[in-house]
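Please read the structure below before turning to the comments.
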Amino acid sequence: MLVTLLGTGDTTGTPTVGCDCDTCQAAREQGIDRSRFSVHVENEHTGESILVDLSPDFRHQFLDHDVDLPDAAVITHIHFDHIDGLGNAYRVFDDLPVYAADEVDPQTGESVADTVREKYDYLDTVTVHDVAPFEPVCVCGLELTLVPVDHPPLVCYGLVIEDPETGAKLSLSGDTSYDVPDASRERLSDPDLFLADGIVPASLCASHPIGGANHDADGVPRTFGSKHMTREGALALAADLDADTTRLVHTAHYYPVEEAFEEPLAVDGEQYRLDGNGVSRVDTRRDTVGSR
Ligand SMILES: [Zn+2]
Ligand SMILES: [Zn+2]
Ligand SMILES: [Zn+2]
């Protein structure tokens, strides 16, 4: 399984347009991009690939990175930064199966699958497939399971992608607070590679209107506001799950510049091979293996 991080930023990305904060300036100077969230997962036995979330930055992600267009896609939730790239399916794909959860969201009165189906009804090339949480489906020869996480007020799903041939396991937290339900934690646990939402460092909770939540024994908030994990929360969840390698994704330009490019914060273009015996980093951007 070859995993390429196409988009590792939050909803505005880094650099953020119109922003001249130290972090955005440093990103521009160093040619670092954290575009809106998307992950490309290739089954190297078959050459087929799954795209996790359809980023508004879809076009430049596929121009900038040497990966094939996906054979299927999965959508975790209906926020702009995860769904709006689906408009790119027009005239680019002959057929794009899109997998999404079938549970009705009390907030919207419909499931993620229904929202995608309605919003992109005009695209004949998109076929939406309903998926029940916790029930694995076989997509591109890989086993894909959606698990509910906590991203109020909308439903949102984390994801497990496993290779039945090698036993390689990729887990994604999805956009979530630290308050991930136990049954989902169980399913996400023990991944070779864990991609965790770590939007800001815990220190920034002081500037959030509702502060932080899910404090640890030392009083450090593991949730920023109510929707996302802090860096500390994401690392705590990674430890809870006993992840082998962890990368923090969905990160914001609010990270102070001296912390924004430290390990284990991911940047666009990182690529990992999961072969069932562990994880190796294969892109040439940095010659380090992802830190634990
Ligand atoms: Zn900025
Ligand atoms: Zn979201
Ligand atoms: Zn998001």
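Quick look at the values:
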{"quantity": "Counted residues, region 165-193 - those being polar (S, T, N, Q) and under 13 Å from the mean Cα position of the chain (by Cα)", "calculated": "3"}
{"quantity": "Condition check for R28: within 16 Å of ligand 1 (Cβ to nearest atom), more than 18 Å from D197 (Cα to Cα) and without any contact (Cβ under 8 Å) to a residue 60 or more places away in the chain", "calculated": "yes"}
{"quantity": "Selection count, region 262-283, where residues are part of a strand (DSSP E or B) and either of a type in the set (D, E, K, R) or touching a residue at least 24 places away in the same chain (Cβ under 8 Å) (or both)", "calculated": "7"}
{"quantity": "Test for E135: is it surrounded by fewer than 16 Cβ atoms within 10 Å (Cβ to Cβ) and not in a loop (DSSP other than H, G, I, E, B)", "calculated": "no"}
{"quantity": "Residue satisfying condition, being of a type outside the set (A, V, I, L, M) and within 16 Å of ligand 1 (Cβ to nearest atom), within set T46, T16", "calculated": "T16"}
{"quantity": "Selection from region 94-132 of residues that are of a type in the set (F, W, Y) and either over 30 Å from G167 (Cα atoms) or assigned to a helix (DSSP H, G or I) (or both)", "calculated": "Y120, Y122"}
{"quantity": "Matching residues, region 38-57, being assigned to a strand (DSSP E or B) and within 16 Å of ligand 3 (Cβ to nearest atom)", "calculated": "S38, V39, L51, V52"}
{"quantity": "Among residues of region 16-37, those that are out of contact with any strand residue (DSSP E or B) (no Cβ under 8 Å at 6 or more places or on another chain) and in a loop (DSSP other than H, G, I, E, B), counted", "calculated": "7"}
{"quantity": "Matching residues in region 234-258 - criterion: being within 16 Å of ligand 1 (Cβ to nearest atom) and part of a loop (DSSP other than H, G, I, E, B)", "calculated": "H250, A252, H253, Y254, Y255, P256"}
{"quantity": "Test for T246: is it in contact with a Phe, Trp or Tyr (Cβ under 7 Å, 6 or more places away or on another chain) and buried (at least 18 other Cβ atoms within 10 Å of the Cβ)", "calculated": "yes"}
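To keep it simple, each residue is scored yes or no on (1) away from ligand 2 (no atom under 16 Å from the Cβ); (2) more than 24 Å from A196 (Cβ to Cβ).
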| site | (1), (2) |
| --- | --- |
| T16 | yes, no |
| C24 | yes, no |
| R34 | no, no |
| H40 | yes, no |
| A72 | yes, no |
| I78 | no, no |
| H82 | no, no |
| A89 | yes, yes |
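Residue-wise test of (1) under 19 Å from L159 (Cα atoms); (2) of a type in the set (D, E); (3) out of contact with any strand residue (DSSP E or B) (no Cβ under 8 Å at 6 or more places or on another chain).
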position	(1), (2), (3)
D71	yes, yes, no
Y99	yes, no, no
Q107	no, no, no
Y122	no, no, yes
H129	yes, no, no
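Quick note: the coordinates plus some simple rules give every number you see, no bench work behind them. Bear in mind the structure is a predicted one, so any value in this text is a computation, not a measurement. A quick note on method: Cβ atoms are made from the backbone with ideal geometry, for glycine too, and the neighbour counts reach across all protein chains shown.
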